[in-house]
Amino acid sequence: MPHDIEKIASYNGVVQLRADTWWRIADLARRRAAAPSGPAAEELHRALVEQLASTDAYERYFSYPGPEAVARVHTLVAEPTEAKELAEITDRISRRLTDGDPSDERLVDGRPRFDVLVLAATSPGDEEFIRTQLPTARRPEDPFRYEPVVVHSATDAVIAALVNPQIQAVVMRSDFLSVPVGDTVVADALEASVELDELDAVGTADRVTAVATALRDLRPELDLYLLESAAVEMLAASVGTVFDGVLLAQEDVLDLHLTILRGVSKRYRAPFFHALTEYARKPTGVFHAMPISRGHSVVGSQWIGEMADFYGLNIFLAETSSTAGGLDSLLEPHGPIREAQDLAARAFGAERTYFVTNGTSTANKIVEQALLRPDDVVLVDRNCHKSHHYAQVLAGSRVAYLDSYSLDEFSMYGAIPIPDIKRVLLQYRDAGRLDEVTMISLTNCTFDGVVYDVERVMTECLAIKPDLVFLWDEAWFGFARFHPIYRRRTAMAAAASLAARFRTPEYRAEYERRVAELEGVSADELAGESLLPDPDAVRIRVYATQSTHKTLTSLRQGSMIHVHDEDFRSSAAAFGEAYMTHTSTSPNYQILASLDMGRRQVELEGYERVQRQIELAMTLRDTVAGHPLLQKYFRVLEAEDLIPEQYRASGADGMLHAGPLAMDRAWRTDEFVLDPCRVTIEIGGTGIDGDTFRHGQLMDRWGIQVNKTTRNTVLAMTNIGTTRTAVAHLVRALVGIAEEIEAGNARRDERELAAFTERVRSLQEEHPPLPDFSRFHDAFRASGAGELPDGDMRRAYFLAYDEDMIEYLSAAELRARLDAGDAVVSASFVTPYPPGFPILVPGQEVSLDILDFMDALDTKEIHGLDPARGYQVLSAAGLAPKD
């Protein structure tokens, strides 16, 4: 029986479904070969026929194993005497689809290979001609190899691009069908991703442009070529830049072949990595810095020779402080670094991109110093990374902290609701200080995987402050560009979408209607209304900082700054100065080269790897949720656990287990969504706190690193490097821990069991409430600020440099002061891990809620708190009015 629509729609991905199905086919074929006759053989035959029939729904979208091999398998299934050959063929197919069979001749020549999608309404004879004609143009010197995949309809082309990540290029003829003929089960299962209506009612140029645009929206990295038999000049003028090339069908197939290879070569190019490898191959005399260059201070040393053994010689050959010899300067790039950054901007959808070699902490400081002046007001996500807080100190800006909704049950914060952001902006507008508000800095996605609707946030904020600068900290979201569901919630994609939308006459009409609808609405009510910016006043100014090394391929500290700023020219000089302020004159070339290669990878296999990352995360979620023993002690948190219902317009619970269509619906409608690759596991049922579980169990006993813990949760992430083996090992570790708890409980006496039950109850029911930001002390607030929240954190921070301005108080002394009604003001950042962001900042009043939270913490790691001396606070002299 073929796969039904529900099964395909709910499966984590067609690639995984396909691999699992062929694994079952290979297993059935092996068992049939071992039992060639009898009732068991008949049952195996029926199962083989059923499983093989299910592959008909999607095999046409892939070049491997190909129609000939699939037809051969069908023939062998019908011939019981050929069971041995059937087992061999299906085993080879299964191994290739699962991990890549190293004996496969298509892999052994070492050249990267990919699929080319051909969209054309062909007869069976024409299709066979296409499959055989393109490969005839191959040459031994070709850098890549490819195989054609032929589909006949626009819908099939879109489905192929979605389900086959091996596709790198699309060749389209205008004679394609609009809808598929025959089996449409995959198209029906993924119908929400296919929006190609009324193609037959429009002209050729509009028709091909509509399909090309749909493919671009799904997979912007693909090369698209239009192949026509006549009037190519007119078509080229009509279709604009949506195609990468328009070719005449009658011309030599070699031209098309070379065009395909050239397109992939553009993405394959890694200019700085190539320049560095070329430099390493040159014999060079070093009369400059760095004795380690060329390995001369290491190779042959009897004391540190193992350094060369461990790292290998190439890393030393590539170590240099020179910017000549084909290399480049990061501070003033004009050669391969400049080209590598331009290629990264293309890949990530930015207008310009800058490489950063000391992490996103520095990237954040660069952006904020470049765009902020002293006393500018900045709205800052209170639970953002501490680099943002320090950046405000450096810039001298006035900070207005925004509080996220809290999740006390798990000792974590979510994100900041849009009405709360708008309410603060409207307060500044009504106070006549909106012109002071320069920037808003938000984290997307959050550490725990909560993702904003970026386009909506920017739309609503720009309606109040049309030139507001947005800094999106995407330290953990660099991969999102390379999957169609994630992409729309990235800063660069949203910026491009808004820039295009605001220029249209349709938007202007929508804006004018909305202005009329909101006439007479009070300022208090506006925070809850949907707002639109004035198209004549709005400016798109968006920056994103990404820790490439966290979620993509890069050496540690490799980060990028992506820019989409319509007014960047006015800030370019300041940006350059800030970049030089925070960037070393001796940047690590290995980090730069790894950023270049990481960009190349995501342009060529980013979609494939991110899709696999999602599939593995869902496998982990499903396994823990469905395992009878694991259910007793662990619970994987879902969107309904981490995002309150009022922010989930899609409404349904269990969304992450309903397949990609349900995920797509939620990501289109909900104010906040959950990244499924951030797998938060509630561990309260084990009776083990998060820190002990992380170190004492996972790391020390099982060799497993996890990202973060709270009092009763651990966070496990999948990334583009996660393997099925790694997921299996984590599951095995959880099962092992659960089995030990089961066995331990069976041996415990009544008193010991009561103690275990009490530990579980404490972790699951005793939740110290997470405190909101209290307020800045009046000494650091603007005169007559009223209810406006901003404060001068810089002045408070530097007051602490003077010992006469500070004192230290224990928690008990602090509480006594607060009980007496005294104001106590922090002189430093106090950051407990978890939650991992400052609970106190310089100039902030300490509240009883904050003190209660700090007293309830069981973490050992608290930055900024001296265990011996206590909290550093400002003395009476520090709080005295300034002269």
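For this structure, a couple of remarks:
- Close pairs (6 angstrom Cβ cut-off, 6 or more residues apart or separate chains): at pLDDT 60 or above in segment 641-660, hydrophobic (A, V, I, L, M, F, W, C) and surrounded by 13 or more Cβ atoms within 10 Å (Cβ to Cβ) anywhere: Leu642/Leu674; Ile643/Phe672; Tyr647/Phe672; Ser650/Ala666; Gly659/Ala9
- Of all residues in segment 68-81, one or more are surrounded by fewer than 21 Cβ atoms within 10 Å (Cβ to Cβ), of a type in the set (S, T, N, Q), modelled with pLDDT under 90 and outside the structural domain of Arg621 (by the TED database).
- Residues in segment 622-641 that are of a type outside the set (Lys, Arg) and surrounded by fewer than 19 Cβ atoms within 10 Å (Cβ to Cβ): 11 in all.
- Filter result (without any contact (Cβ under 8 Å) to a residue 40 or more places away in the chain and in contact with a strand residue (DSSP E or B) (Cβ under 9 Å, 6 or more places away or on another chain)) within segment 822-856: Pro832, Tyr833, Leu840
- When segment 423-438 is filtered for residues that are out of contact with any helix residue (DSSP H, G or I) (no Cβ under 6 Å at 6 or more places or on another chain) and under 28 Å from Gly836 (Cβ atoms), the ones remaining, listed by number, are Arg423, Val424, Thr438.
- Ile704 in contact with a Phe, Trp or Tyr (Cβ under 7 Å, 6 or more places away or on another chain) and either surrounded by fewer than 20 Cβ atoms within 10 Å (Cβ to Cβ) or of a type in the set (Lys, Arg) (or both): no
- Identity of the residue in segment 495-548, farther than 30 Å from Arg609 by Cα, in contact with a Phe, Trp or Tyr (Cβ under 9 Å, 6 or more places away or on another chain) and of a type in the set (A, V, I, L, M), that ends up surrounded by the fewest Cβ atoms within 10 Å (Cβ to Cβ): Leu532
- Here the helices (runs of 4 or more DSSP H) wholly within segment 1-54 that include at least 2 residues being more than 38 Å from the chain's Cα centre (by Cα), modelled with pLDDT of 90 or more and closer than 16 Å to Leu86 by Cβ are 14-34, 39-54.
- Any hit, segment 644-666, residues being assigned to a strand (DSSP E or B) and touching a Gly at 6+ places or on another chain (Cβ under 8 Å): no
- Counting only helices (runs of 4 or more DSSP H) wholly contained in segment 309-378, the ones carrying 1 or more residues that are small (Gly, Ala, Ser), in the same structural domain as Trp476 (by the TED database) and closer than 24 Å to Leu222 by Cα occupy 336-348.
- Exclusive hit being closer than 20 Å to Val454 by Cβ and free of Cβ contacts under 8 Å to residues at least 12 places away in the same chain, set Thr504, Thr551: Thr504
- Ser387 being surrounded by fewer than 22 Cβ atoms within 10 Å (Cβ to Cβ), not assigned by the TED database to the domain that holds Met793 and not in a strand (DSSP E or B): yes
- Every test in (1) more than 40 Å from the chain's Cα centre (by Cα); (2) at pLDDT below 85 is passed by Ala289 save one, and that test is (1).
- Residue in segment 276-284 that is modelled with pLDDT under 95, under 33 Å from the mean Cα position of the chain (by Cα) and either in a loop (DSSP other than H, G, I, E, B) or among the acidic types (Asp, Glu) (or both) present: yes
- Scope segment 727-773; condition more than 28 Å from Ala617 (Cα to Cα), among the aliphatic types (A, V, I, L, M) and surrounded by 14 or more Cβ atoms within 10 Å (Cβ to Cβ); matching residues: Leu753, Leu770
- Among residues that are buried (at least 17 other Cβ atoms within 10 Å of the Cβ) and modelled with pLDDT under 95, Thr619 is included.
- Taken together, the residues in segment 107-149 that are β-branched (Val, Ile, Thr) and surrounded by 15 or more Cβ atoms within 10 Å (Cβ to Cβ) amount to 5.
- The sole residue among Leu526, Leu531, Leu468, Leu518 that is in contact with a Cys (Cβ under 6 Å, 6 or more places away or on another chain) and more than 30 Å from Ile720 (Cβ to Cβ) is Leu468.
- Residues (crowded, with 22+ Cβ neighbours inside 10 Å and acidic (Asp, Glu)) located in segment 464-489: Asp473, Glu474
- Scan segment 403-445 for residues that are within 26 Å of Leu857 (Cβ to Cβ), hydroxyl-bearing (Ser, Thr, Tyr) and either in a helix (DSSP H, G or I) or not assigned by the TED database to the domain that holds Ala370 (or both) and the total you get is 0.
- Subset tally (residues that are among the acidic types (Asp, Glu) and in a loop (DSSP other than H, G, I, E, B)) for segment 488-537: 4
- Taking the listed residues Phe829, Phe853, Phe837, Phe798, the one that is within 37 Å of the chain's Cα centre (by Cα) and more than 26 Å from Arg711 (Cα to Cα) is Phe798, with no other qualifying.
- Checked against (1) buried (at least 19 other Cβ atoms within 10 Å of the Cβ); (2) at pLDDT 90 or above, Arg294 passes all but condition (2).
- Number of the exception - Ala779 against (1) in contact with a Phe, Trp or Tyr (Cβ under 9 Å, 6 or more places away or on another chain); (2) farther than 24 Å from Ile681 by Cβ; (3) buried (at least 18 other Cβ atoms within 10 Å of the Cβ): (1)
- Members of segment 549-590 found to be acidic (Asp, Glu) and crowded, with 21+ Cβ neighbours inside 10 Å, listed by number: Asp565
The values are calculated or read from the model by the stated rules, or taken from the named source; none is laboratory data. Owing to the predicted nature of the structure, the values given are computational and were not obtained by experimental measurement. Here Cβ is always computed from backbone atoms with ideal geometry, including for glycine, and neighbour counts include all displayed protein chains.
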